[in-house]
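S.K.: Sharing a structure, written as structure tokens. Questions coming.
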Amino acid sequence: APGDPAAGNAAAGKEQGATPKRDVIYVDEQGNPVEKPIDPEAVWQEATKAMEAQQYEDALKKLRILYDQPQLKRDRRLEVLYGISDCLWEMYKDKPQAGYDAIVSATSEALNADLRNDRAPDAYARLGSINLRIGNMDEARANMLALLRQYPKSPLVADSMTELGREQLKRKMYEDAAESFKTVLDNYPESGSMEEASMGLGKALVRLGRHKDASFI
């Protein structure tokens, strides 16, 4: 019966006799308590979503968690390395002095992990760009020429050489600028940078006093 005290006592007895839930405790090989192991795939998905949402600081924290996981497969580790470089670039591309060391370190690590990776051209282009932004002209040129030599078919070559020429022109390095722009015109006629490279070459030639060549361009 609903009001039967005996029935209530029996139900209470069942509750008291139930096995209580216990928190799972994780230990290492020596039996010392450790934190719960992470799920690398779940963390990767979280990092990817954060990057897509342009939440780069949050994504970077998650990627660095994965960076410390020795069990990551090689392909995933490469994705993590490039993801770290991507986040740092987005965070510091407009304040390159503040992020220079971090960007160069992360991008170089990603590049050197596999020079044949599909994203290796991205790394060379990024190293060139960050060096241009802080005025390391020789280093930037070396990065972009390495991109040209090793990945001549990459669409990034024309953009990078045009970017280099633009900065050289700004710094009155007219001979160098003309060479950079001419590389684009001679080798990448279908590039989206073609128009800017043509204008840049014309300006460089005018500054060099080569007006006939400039008018032809």
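The values are calculated or read from the model by the stated rules, or taken from the named source; none is laboratory data. These figures come from a predicted structure and were not determined experimentally. No Cβ is skipped: glycine too gets one built from the backbone with ideal geometry, and neighbour counts run over all protein chains shown. The area values use the complete protein model at the heavy-atom level, side chains included, leaving out ligands, DNA and RNA. Shrake-Rupley method; radii C 1.70, N 1.55, O 1.52, S 1.80 Å.
S.K.: Along its three principal axes, how long is the range 54-208 when you only count alpha carbons? Whole Å, largest extent first please.
M.R.: Sorted largest first, the three principal extents are 57, 30, 25 Å.
S.K.: How much length is gained if the chain between LYS61 and ALA42 is pulled fully straight, taking 0.36 nm per residue apart and subtracting their Cα-Cα distance, in nm to one decimal? Mind showing how you got there, number by number?
M.R.: Values: separation 19, 0.36 × 19 = 6.84 nm, distance 1.38 nm.
Gain in length upon complete extension: 5.5 nm.
S.K.: May I pose another question? Taking only the C-alpha atoms, wrap a convex hull around the range 115-197 and report its volume per residue in Å³ as a whole number.
M.R.: On the way: hull volume 6.6 nm³, N = 83.
With only Cα atoms used, the range 115-197 gives 79 Å³ per residue.
S.K.: Can you classify the range 154-217 as rounded, prolate or oblate using the Cα gyration tensor, where a ≥ b ≥ c are the square roots of its eigenvalues, rounded means a/c under 1.5, and otherwise it's prolate if a/b beats b/c and oblate if not? All intermediate terms of the calculation are to be shown ahead of the outcome.
M.R.: Working: a/c = 2.48, a/b = 1.43, b/c = 1.73.
It is oblate, given that a/c is not under 1.5 and a/b is not larger than b/c.
S.K.: Assuming 0.36 nm per residue, please report the length gained on full extension of the stretch LEU208 to ASP101 beyond their Cα-Cα distance.
M.R.: Numbers: separation 107, 0.36 × 107 = 38.52 nm, distance 3.60 nm.
Here the answer is 34.9 nm.
S.K.: Using the alpha-carbon centroid of each, what span in Å lies between the range 154-185 and the range 44-107?
M.R.: The range 154-185 and the range 44-107 have Cα centres separated by 29 Å.
S.K.: In terms of the Cα gyration tensor, with a ≥ b ≥ c the square roots of its eigenvalues, is the range 39-143 rounded because a/c is under 1.5, prolate because a/b exceeds b/c, or oblate?
M.R.: Numbers: a/c = 2.52, a/b = 1.52, b/c = 1.66.
Oblate, because a/c is 1.5 or more while a/b does not exceed b/c.
S.K.: Continuing with the same structure: Please give the per residue accessible area of the range 156-217, computed with a probe of 1.4 Å over protein heavy atoms only, in Å².
M.R.: Counting only protein heavy atoms, the per-residue value for the range 156-217 is 58 Å².
S.K.: So what does ILE65 come to for accessible area, using a 1.4 Å probe and Å² rounded to 10?
M.R.: Roughly 80 Å² of ILE65 is accessible to a 1.4 Å probe.
S.K.: Ok, one more. For the range 52-143, what % of the accessible area comes from carbon and sulfur atoms, probe 1.4 Å? Provide the component values of the computation, followed by the final result.
M.R.: Working: 2080 of 4950 Å².
Percent of accessible area from carbon and sulfur atoms in the range 52-143: 42.
S.K.: On to the next question. If DNA, RNA and ligands are ignored and the probe is 1.4 Å, what is the ranking of GLU196, GLU190 by accessible area, most exposed first? Can you show the working numbers first?
M.R.: Numbers: GLU196 80, GLU190 170 Å².
So the residues, ranked largest to smallest area, are GLU190, GLU196.
S.K.: Could you compute the FRET efficiency for ASP114 and MET194, with r as their C-beta to C-beta distance and R0 at 25 Å, rounded to 0.05? List each step's numbers first, then the result.
M.R.: Details: r = 31 Å, r/R0 = 1.25.
Step by step, r from the Cβ atoms, then E = 0.20.
S.K.: Taking N as the number of residues in the range 117-158, what is its alpha-carbon radius of gyration divided by 2.2 N^0.38 Å?
M.R.: Details: Rg = 9.6 Å, N = 42, 2.2 N^0.38 = 9.1 Å.
Against the compact-globule rule of thumb, the ratio is 1.05.
S.K.: Still on this structure, please answer the following. Express in Å², to the nearest 10, the accessible area of LYS172 obtained by rolling a 1.4 Å probe over the protein heavy atoms while all chains stay in place.
M.R.: That residue has around 150 Å² of solvent-accessible surface.
S.K.: Counting only protein chains, not ligands or nucleic acids, how are GLU139, GLU195, GLU167 ordered by accessible area (probe 1.4 Å), most first? Please report the intermediate quantities before stating the final value.
M.R.: Details: GLU139 95, GLU195 140, GLU167 35 Å².
Sorted by accessible area, descending: GLU195, GLU139, GLU167.
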